[in-house]
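A.B. asks: Encoded as structure tokens, here's the structure I'll be asking about.
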6 protein chains.
Amino acid sequence: DFLSALDEVKPLFGVSEEELERCVEGGIIKFSPHIDTILNRGRLHINQVRDNSTPLLSVLIHGPRGSGKTALAARLAMDSGFPFIKLVRPVDMIGMNEIQKIQHLQKVFTDAYKSPLNVLVIDNVELLVDWVPVGPRFSASVLAALKGLMDNKPPKGRPLLILATTTERTVLQQLQLTFMAQIAVPNVQTQAELAYIMQQSGAFAEKDVNRVIKEIEDATGGKQIGVGVQTVLTGIQTARQDPDHAGRFVELLSEAVAENRFS
Amino acid sequence: DFLSALDEVKPLFGVSEEELERCVEGGIIKFSPHIDTILNRGRLHINQVRDNSTPLLSVLIHGPRGSGKTALAARLAMDSGFPFIKLVRPVDMIGMNEIQKIQHLQKVFTDAYKSPLNVLVIDNVELLVDWVPVGPRFSASVLAALKGLMDNKPPKGRPLLILATTTERTVLQQLQLTFMAQIAVPNVQTQAELAYIMQQSGAFAEKDVNRVIKEIEDATGGKQIGVGVQTVLTGIQTARQDPDHAGRFVELLSEAVAENRFS
Amino acid sequence: DFLSALDEVKPLFGVSEEELERCVEGGIIKFSPHIDTILNRGRLHINQVRDNSTPLLSVLIHGPRGSGKTALAARLAMDSGFPFIKLVRPVDMIGMNEIQKIQHLQKVFTDAYKSPLNVLVIDNVELLVDWVPVGPRFSASVLAALKGLMDNKPPKGRPLLILATTTERTVLQQLQLTFMAQIAVPNVQTQAELAYIMQQSGAFAEKDVNRVIKEIEDATGGKQIGVGVQTVLTGIQTARQDPDHAGRFVELLSEAVAENRFS
Amino acid sequence: DFLSALDEVKPLFGVSEEELERCVEGGIIKFSPHIDTILNRGRLHINQVRDNSTPLLSVLIHGPRGSGKTALAARLAMDSGFPFIKLVRPVDMIGMNEIQKIQHLQKVFTDAYKSPLNVLVIDNVELLVDWVPVGPRFSASVLAALKGLMDNKPPKGRPLLILATTTERTVLQQLQLTFMAQIAVPNVQTQAELAYIMQQSGAFAEKDVNRVIKEIEDATGGKQIGVGVQTVLTGIQTARQDPDHAGRFVELLSEAVAENRFS
Amino acid sequence: DFLSALDEVKPLFGVSEEELERCVEGGIIKFSPHIDTILNRGRLHINQVRDNSTPLLSVLIHGPRGSGKTALAARLAMDSGFPFIKLVRPVDMIGMNEIQKIQHLQKVFTDAYKSPLNVLVIDNVELLVDWVPVGPRFSASVLAALKGLMDNKPPKGRPLLILATTTERTVLQQLQLTFMAQIAVPNVQTQAELAYIMQQSGAFAEKDVNRVIKEIEDATGGKQIGVGVQTVLTGIQTARQDPDHAGRFVELLSEAVAENRFS
Amino acid sequence: DFLSALDEVKPLFGVSEEELERCVEGGIIKFSPHIDTILNRGRLHINQVRDNSTPLLSVLIHGPRGSGKTALAARLAMDSGFPFIKLVRPVDMIGMNEIQKIQHLQKVFTDAYKSPLNVLVIDNVELLVDWVPVGPRFSASVLAALKGLMDNKPPKGRPLLILATTTERTVLQQLQLTFMAQIAVPNVQTQAELAYIMQQSGAFAEKDVNRVIKEIEDATGGKQIGVGVQTVLTGIQTARQDPDHAGRFVELLSEAVAENRFS
Ligand SMILES: Nc1ncnc2c1ncn2[C@@H]1O[C@H](COP(=O)(O)OP(=O)(O)OP(=O)(O)O)[C@@H](O)[C@H]1O
Ligand SMILES: Nc1ncnc2c1ncn2[C@@H]1O[C@H](COP(=O)(O)OP(=O)(O)OP(=O)(O)O)[C@@H](O)[C@H]1O
Ligand SMILES: Nc1ncnc2c1ncn2[C@@H]1O[C@H](COP(=O)(O)OP(=O)(O)OP(=O)(O)O)[C@@H](O)[C@H]1O
Ligand SMILES: Nc1ncnc2c1ncn2[C@@H]1O[C@H](COP(=O)(O)OP(=O)(O)OP(=O)(O)O)[C@@H](O)[C@H]1O
Ligand SMILES: Nc1ncnc2c1ncn2[C@@H]1O[C@H](COP(=O)(O)OP(=O)(O)OP(=O)(O)O)[C@@H](O)[C@H]1O
Ligand SMILES: Nc1ncnc2c1ncn2[C@@H]1O[C@H](COP(=O)(O)OP(=O)(O)OP(=O)(O)O)[C@@H](O)[C@H]1O
Ligand SMILES: [Mg+2]
Ligand SMILES: [Mg+2]
Ligand SMILES: [Mg+2]
Ligand SMILES: [Mg+2]
Ligand SMILES: [Mg+2]
Ligand SMILES: [Mg+2]
């Protein structure tokens, strides 16, 4: 019966919860209005699954490296309050062969079919199928399994929301791994966004923030910054180790901006 | 003898029936005259097999993603009233290796050779051979098996109709998996078709339907919509969660139209 | 000794005979003078093997899909009256791995070396080596085995005729699978040929034949029809299910002509 | 000791002798002065190995399909009178995996190292390494083994001549399978050569020979014929079955000439 | 508990220390100010991990062959004073299959998760994934494992610094093996740098140094030298064997400069 | 202890010595001053390893097929007088799989680490990694092992000289198998070089030498000959079998020159 089924999958839930929390450790900084737009759209999808009007819904959360995709997907999953939440990450499958990966995926979906409301976070879905752009290479059999599982309507009364993240939206299109809805996550783009993150970090005096913004504006010619929030946050920590916080941060960030522009 | 042979395959039939019904759960909305044309052509093929004038007939039902191919194939199969109906789906073969897949296919055809009238629905036939456009990749051995089985005349008095669905008609031509007849399934294309589906969904007031149609007409410049019925139906359910049903639906549908046009 | 050797291979012969007959079930309609030319050339080859002046002769029967290659090869083999006739078809090797296929082929040739006059019909020889144009892919080891076996002179007094069919003559050239003689089989090309087949089918009144021919002439601009006899025969059976035989047949045949021209 | 070593390899010799004789069954027709030039060059190589001034010598006999390469190599090997002669053919390795093929080759060379004078005929050396131009494909490990073995100086007093045949001289260059000497074998090229073969066959009256030559001259515009001696000989046998020997032979040969020119 | 965990991994540490020391055997010659800049940046990264403000930090040390990358990474690791230091080199994995390599990597990371401060030196990271530009080829599964491990946040209180070296920075970008920071190591470029190394080597008299510099200046047209410090040091040892130290060194170095420029 | 370690590897040494001697059987003819330059450069490298100033040194001896690379490497190794000399040849690894090859290589290096002075001759290093230009193909795992082993500094007091030969210098660069020094071996290029070899062979009267030189000069238009010393020596032996030594030699050599120029 239903209660015992829930018991059965509980340990999995517990494990995932801890991992999900680690994904949003520092909290979500709302450095741009896009962050709210993303969370709102995500909540509509949660609700259409909750009221079973769409019993199977797959949503792709896509954007550049280190832009916060996993943090946002984890946030949405935890906020849903669904009884079954499961995080599927490539790292959990290291050392598995293709057959074992497929069995792992089958188990994840089978577990999901046991609870009355389910959300799966499939992180870096392109890595799950071992995508490498050189070649290109990927695991055709894991991909086939994922397509089959994501296309398979759950049993009555077991609606399922799939939140997948990726840096490789076009790759997934080429692999014909299709989703029923899509949400885009942007890089840090404006000086204002950058200043907001610096302030929230508590690492810089106000005048240092201003100096950095000014020098970055000069270095970038006032154009979009185009760097992931992760690079910004890591750079702040490196710069902090240098007596000249602001100077070192400008150096590091300029390198990151140049790197992204020319590669 | 014959009756016991029928008994033997009954359980398979039962399983398939339930699955087939799930494929047309919401019923077929006849949003376009094409839907009737498709069903009529399909019935001619059912009859030429029924009266054994074509003892082996393979029909390809092709069209874009989410256009209703599976629903229509399932409808035709169930309407045939043939004693043996079998749905073959990629998801049923997840985790099988190539040899197991081939054995599964052989069993399906062998079962079909036992009943006096047979229809096989082979869903997403390109996925059955593990087709991925990147590479491209596919299972040459499963493909070879499928060719051999589809080319093999059934025993006397066991006529067989094969209804296969695909989004990849040209791929199947390249793979030289040939069919004796073909049926095309279209996307939702006109404003009238869209309005009809919105009305049938019961999710919109008449004035909202009009507003949506008008705004979509503006957004698309009055051109063809070109979106699968599945995307339309899912978008309706998402929009329903938003207080501004119509506004959100226009947003979602516009995104889908743009997505299809530029990729 | 010789008689017991013949006994040994008899069961194989029996099986093949039934299969060979199924290949020409409806009889050969001589819709074109080419049919007789093909049968005559084939008989010369049978005779040069029969009188042992060419102890090993490989003949390739090539032409478009559904043009009647297998029917003609089967007809020739059965007419030869040779004591050992064997039909080798890809479907018989489904589920075999490459090693098993090679062993199967070796057995077929070894069996042939036991009888005083032998003919092997190797049907769809490109599929026997698992050819797929995408890639392209094929089984290099089965191909190597086939080359070796087809190049190996039979023991004294055991002349062997190999009749192979294919839709992929140029592919076989590229694979360097060479034959000592070649015979081409054409599509249905002229209005007269089409009319002849319609009459022989008994499905149309004379005035319907005329109407079809006229409308097809219009639709094709009087050019060559270029459709396999199989497509014509199947289309006749589909059209027969429609009250308007002739109209439906024109529709189906026009589609087939267009399909062949533009792909 | 030496005598017992010779005993040891005798059975191999015996088998090869029979096979070698089958390769020149009909005798060598000297339809062109090239045939003598080839045999002379080959005898120089036999002698430089016989007197041990070149203890290891590899010779490549190359030319188009069916031009007589194997027949000439077999003739030379049998004429050498060397105590150890071995014919290595792809057909002998059918069904072996790469490891078994390599072991087979190693055994052939080891056997050769036991006799005071040795000749290996390696027939269709490109097929031995499973070469297929599509891909292209080949067995890298068998190729590596063959390179190693052909590069390995035999023990003192065990000179070894390797006669390899191929239709794919440039392929062997690309595979870096190098030979110390090379001999080219041509097709039948002139009307005189053709007439000579027809006469030797005894299948045509003198006036038929003249008629054929005249008609072929017309059909080819007096250009080179460019057809292998095998095709000529087989065509003669086919034509013989037709009451009109000469007419049928012209038809067949014209097809062969056209085939070679346009593919 | 913690102390026993440290004990557990001690042997590993010991082994690595000896190997690390061999990497900087001759000491670091500071032939250019870049050497100090590199060491300083490296120390910032060590500190941001030490104070746990960045619990997981991956740094890529990239530059041409033989430029001193491994020596510098070893120097930094030894100077950190972290309790767990581990050198991961391709040579340690010779003869392991992909699964064993992945298990080895997993063990290295698991060991690192046991100590309060950790640094892994992953030497020639492109070789760890068996990268070869021809093909190109690499181990997709080892790459996937490395991505997963490098993306996996260590447990609380176990910060981890990863110092990876490579000659193939763009390759790693193509393989999407990303790092959170990057440090570039240059070749020997100026005449002054070359003179400094020659002097430190003690192999040349002052006037020989001047002669070499002058002749190299002529030979290179005064342009950048562009040769790794390793080539310079080896060339000095070869030249030392020749009575004409300076002349031979100019010859060898000129060859090296030319080699690098034209390949 | 040391003496027993030497004992341990003695058998290997013995085997290699015999094989090394076979590589220079006829002695080195100094047909060009390049031969002495090569031997001198090689001796510098031997000495820098002998005095341990470069404890690990890899030298690539490269040049066209049959130019004498192996003979020169063997000569240098034998002249070094080092206690451990080992010849590694592809032929010794025939029939080994990749794992066995890697283990063989590991053993060779481990043996070398036991003696106080070591030289490894790695012959045709491109074949050791199973390089074939078609594809291209090679063994990525053997290559990886070789890189690891050649990059691994030997234990203190066990200096190691690696002499590798190849016809494929650019391939090794592409495979990123790098060497610390390089030596080029040329073909026979001038008429004077050719005359010198003919004289040393003792196969020609002086006037025959002159006749050959004159005719070759005419045939080549006085340009470089560009043929390996091996081809020259083999051709001399073939020509010797013909009563007209000089005429036949001109024929053979002209063919070889033409062959090299146009392929
Ligand atoms: N809006 C945000 N506010 C604060 N921290 C954030 C925000 N978004 C992401 N982070 C932090 O930045 C780091 C990178 O974020 P995250 O891993 O979610 O990015 P990602 O887009 O999933 O990266 P990847 O492409 O590598 O998967 C994490 O430590 C995360 O906690
Ligand atoms: N004409 C229709 N009326 C109502 N619902 C439909 C219609 N056609 C399809 N549907 C519904 O739309 C969804 C998608 O349809 P279906 O799966 O048949 O499309 P498909 O073309 O087979 O898609 P895919 O390309 O993904 O296989 C299903 O839920 C189906 O029930
Ligand atoms: N001349 C003919 N007269 C009557 N029926 C024919 C004729 N030729 C072929 N058929 C029938 O048409 C169908 C297809 O013929 P067949 O299988 O021989 O064609 P094929 O060229 O071998 O096709 P494929 O390319 O698929 O192998 C068969 O049912 C066969 O009996
Ligand atoms: N000069 C010749 N005179 C008479 N018969 C010949 C002559 N050359 C070849 N033949 C015969 O022609 C046939 C083909 O010759 P052979 O097999 O030697 O050709 P090949 O060049 O080796 O062919 P392949 O390219 O298929 O290996 C054989 O039956 C052989 O006996
Ligand atoms: N700055 C330096 N001063 C003195 N010796 C150095 C210096 N840098 C490197 N070396 C020495 O040069 C040799 C090559 O250096 P190292 O192996 O660190 O280079 P690398 O860039 O890692 O080379 P590779 O690209 O082959 O991995 C070593 O023997 C090292 O000790
Ligand atoms: N300078 C020389 N004087 C006399 N004989 C030589 C000389 N160089 C090479 N040879 C002989 O020529 C033959 C080929 O030489 P060797 O095998 O060394 O050439 P290689 O360049 O190693 O050839 P490969 O490219 O095939 O490995 C051998 O028999 C060798 O003894
Ligand atoms: Mg992420
Ligand atoms: Mg479908
Ligand atoms: Mg057929
Ligand atoms: Mg041959
Ligand atoms: Mg290094
Ligand atoms: Mg050599």
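The values are calculated or read from the model by the stated rules, or taken from the named source; none is laboratory data. Just so it is clear, the structure is predicted and the values come from calculations on it, not from any experiment. Neighbour counts are summed over all protein chains in view; Cβ atoms, including those assigned to glycine, are modelled from backbone coordinates with ideal geometry. The protein model used for the area step is the full one, side chains on, heavy atoms only, and it has no ligands, DNA or RNA in it. Shrake-Rupley method; radii C 1.70, N 1.55, O 1.52, S 1.80 Å.
A.B. asks: Across the stretch A:129-150, what is the number of residues that are at the interface with chain B (Cβ under 8 Å from one of its Cβ atoms) and either part of a helix (DSSP H, G or I) or in contact with a His (Cβ under 6 Å, 6 or more places away or on another chain) (or both)?
C.D. replies: 8
A.B. asks: Kindly indicate whether F:Lys153 is part of a loop (DSSP other than H, G, I, E, B), charged (D, E, K, R), farther than 19 Å from F:Phe31 by Cβ and within 11 Å of chain E (Cβ to nearest Cβ).
C.D. replies: Answer is yes for this residue.
A.B. asks: Next question, about the same structure. In the stretch F:222-237, which residue that is closer than 16 Å to F:Gly26 by Cβ and of a type outside the set (A, V, I, L, M, F, W, C) is most open to solvent (accessible area, probe 1.4 Å)?
C.D. replies: This residue is F:Gln230.
A.B. asks: Please state which one of F:Val108, F:Val91, F:Val134, F:Val129 is more than 30 Å from E:Gln100 (Cα to Cα) and either touching a Leu at 6+ places or on another chain (Cβ under 6 Å) or surrounded by fewer than 22 Cβ atoms within 10 Å (Cβ to Cβ) (or both).
C.D. replies: Details: F:Val108 fails: more than 30 Å from E:Gln100 (Cα to Cα); F:Val91 fails: more than 30 Å from E:Gln100 (Cα to Cα); F:Val129 fails: more than 30 Å from E:Gln100 (Cα to Cα).
Answer to the check: F:Val134.
A.B. asks: What is the number of the single condition among (1) in contact with a helix residue (DSSP H, G or I) (Cβ under 6 Å, 6 or more places away or on another chain); (2) touching a residue at least 24 places away in the same chain (Cβ under 8 Å); (3) away from chain D (no Cβ under 11 Å) that F:Gln224 does not meet?
C.D. replies: F:Gln224 satisfies all of (1) in contact with a helix residue (DSSP H, G or I) (Cβ under 6 Å, 6 or more places away or on another chain); (2) touching a residue at least 24 places away in the same chain (Cβ under 8 Å); (3) away from chain D (no Cβ under 11 Å) except (1).
A.B. asks: Under 8 Å by Cβ, and 6 or more places apart or on different chains, what pairs join a residue from the stretch B:235-246 that is over 17 Å from A:Asn52 (Cα atoms) with one that is not charged (D, E, K, R)?
C.D. replies: Cβ pairs passing all conditions: B:His245/B:Ala203; B:His245/B:Phe204; B:His245/B:Ala239; B:Ala246/B:Phe204; B:Ala246/B:Val212; B:Ala246/B:Ala239.
A.B. asks: Can you tell me which of F:Leu163, F:Leu175, F:Leu143 is open to solvent by less than 10 Å² (accessible area, probe 1.4 Å), modelled with pLDDT of 95 or more and under 19 Å from F:Ile46 (Cβ atoms)?
C.D. replies: F:Leu163
A.B. asks: Does the stretch E:96-104 contain at least one residue that is in contact with a Lys or Arg (Cβ under 9 Å, 6 or more places away or on another chain), crowded, with 18+ Cβ neighbours inside 10 Å and closer than 23 Å to A:Asn124 by Cβ?
C.D. replies: Looking for residues that are in contact with a Lys or Arg (Cβ under 9 Å, 6 or more places away or on another chain), crowded, with 18+ Cβ neighbours inside 10 Å and closer than 23 Å to A:Asn124 by Cβ, one finds none in the stretch E:96-104, hence no.
A.B. asks: From the list C:Gly66, C:Gly95, C:Gly135, C:Gly42, exactly one residue is over 27 Å from D:Asp242 (Cβ atoms) and touching a residue at least 12 places away in the same chain (Cβ under 8 Å). Which is it?
C.D. replies: Matching residue, one of C:Gly66, C:Gly95, C:Gly135, C:Gly42: C:Gly66.
A.B. asks: For the condition more than 16 Å from ligand 10 (Cβ to nearest atom), closer than 23 Å to B:Leu127 by Cα, among the small types (Gly, Ala, Ser) and in contact with a Lys or Arg (Cβ under 7 Å, 6 or more places away or on another chain), what is the one hit in A:Ala145, A:Ala164, A:Ala140?
C.D. replies: A:Ala140
A.B. asks: Residue under question is D:Leu117, and the condition is that it be away from chain F (no Cβ under 13 Å), touching a Ser or Thr at 6+ places or on another chain (Cβ under 9 Å) and either within 22 Å of F:Gly95 (Cα to Cα) or open to solvent by 30 Å² or more (accessible area, probe 1.4 Å) (or both); does it hold?
C.D. replies: Working: away from chain F (no Cβ under 13 Å): yes; touching a Ser or Thr at 6+ places or on another chain (Cβ under 9 Å): yes; either within 22 Å of F:Gly95 (Cα to Cα) or open to solvent by 30 Å² or more (accessible area, probe 1.4 Å) (or both): yes.
Judged against the criteria, D:Leu117 is a match.
A.B. asks: Just give me the residues in the stretch E:27-57 being assigned to a loop (DSSP other than H, G, I, E, B), within 16 Å of ligand 1 (Cβ to nearest atom) and either under 13 Å from E:Leu163 (Cα atoms) or hydroxyl-bearing (Ser, Thr, Tyr) (or both), in sequence order.
C.D. replies: E:Ser53, E:Thr54
A.B. asks: Taking the conditions exactly as written (away from chain A (no Cβ under 14 Å), open to solvent by 20 Å² or more (accessible area, probe 1.4 Å) and at pLDDT 95 or above), does E:Glu168 satisfy them or not?
C.D. replies: Spelling it out, it is not the case that E:Glu168 is away from chain A (no Cβ under 14 Å), open to solvent by 20 Å² or more (accessible area, probe 1.4 Å) and at pLDDT 95 or above.
A.B. asks: With at pLDDT 95 or above, under 15 Å from the mean Cα position of the chain (by Cα), away from ligand 6 (no atom under 16 Å from the Cβ) and closer than 30 Å to F:Arg22 by Cβ as the only criterion, which of D:Gly63, D:Gly42 stands out?
C.D. replies: Going through D:Gly63, D:Gly42 in turn, the sole match is D:Gly42.
A.B. asks: Output the number of residues of the stretch E:98-132 satisfying the condition of being touching a residue at least 60 places away in the same chain (Cβ under 8 Å) and either hydroxyl-bearing (Ser, Thr, Tyr) or farther than 24 Å from E:Ile183 by Cβ (or both).
C.D. replies: The number of residues fulfilling the criteria is 4.
A.B. asks: Given the structure, is D:Val250 more than 13 Å from chain C (Cβ to nearest Cβ), more than 16 Å from ligand 7 (Cβ to nearest atom), at negative phi and over 28 Å from the mean Cα position of the chain (by Cα)?
C.D. replies: Against the criterion (more than 13 Å from chain C (Cβ to nearest Cβ), more than 16 Å from ligand 7 (Cβ to nearest atom), at negative phi and over 28 Å from the mean Cα position of the chain (by Cα)), D:Val250 does not qualify.
A.B. asks: Take the stretch E:83-108 and flag every residue that is over 20 Å from E:Glu21 (Cβ atoms) and within 20 Å of the chain's Cα centre (by Cα).
C.D. replies: If the condition is that a residue be over 20 Å from E:Glu21 (Cβ atoms) and within 20 Å of the chain's Cα centre (by Cα), then E:Met93, E:Ile94, E:Leu105 are the ones that fit.
A.B. asks: Right, here's the next one. Taking the stretch A:174-208 as the region of interest, how many residues are in contact with a Leu (Cβ under 9 Å, 6 or more places away or on another chain) and within 13 Å of A:Phe249 (Cβ to Cβ)?
C.D. replies: 3
A.B. asks: Let me ask something additional. Checking A:Gln191 against (1) touching a residue at least 60 places away in the same chain (Cβ under 8 Å); (2) open to solvent by 10 Å² or more (accessible area, probe 1.4 Å); (3) farther than 30 Å from A:Ile99 by Cβ, which test does it fail?
C.D. replies: Failing condition for A:Gln191: (1).
A.B. asks: Report the residue count in the stretch E:39-68 for those that are open to solvent by 10 Å² or more (accessible area, probe 1.4 Å) and away from chain A (no Cβ under 14 Å).
C.D. replies: Residues in the stretch E:39-68 being open to solvent by 10 Å² or more (accessible area, probe 1.4 Å) and away from chain A (no Cβ under 14 Å): 5 in total.
A.B. asks: Is it true that C:Ala184 is open to solvent by 10 Å² or more (accessible area, probe 1.4 Å), within 11 Å of chain D (Cβ to nearest Cβ), among the small types (Gly, Ala, Ser) and within 16 Å of ligand 9 (Cβ to nearest atom)? So that I can check it myself, show each step before the final result.
C.D. replies: Numbers: open to solvent by 10 Å² or more (accessible area, probe 1.4 Å): yes; within 11 Å of chain D (Cβ to nearest Cβ): yes; among the small types (Gly, Ala, Ser): yes; within 16 Å of ligand 9 (Cβ to nearest atom): yes.
So C:Ala184 passes the test.
A.B. asks: Follow-up question, since we're still on this one. Can you tell me which residue is nearest to ligand 8 (Cβ to nearest atom) among those in the stretch E:15-26 that are under 14 Å from the mean Cα position of the chain (by Cα) and in a loop (DSSP other than H, G, I, E, B)?
C.D. replies: Ranking the candidates gives E:Val24 first.
A.B. asks: What number of residues within the stretch F:66-106 are assigned to a helix (DSSP H, G or I), among the small types (Gly, Ala, Ser) and within 16 Å of ligand 6 (Cβ to nearest atom)?
C.D. replies: Residues flagged as assigned to a helix (DSSP H, G or I), among the small types (Gly, Ala, Ser) and within 16 Å of ligand 6 (Cβ to nearest atom) within the stretch F:66-106 amount to 4.
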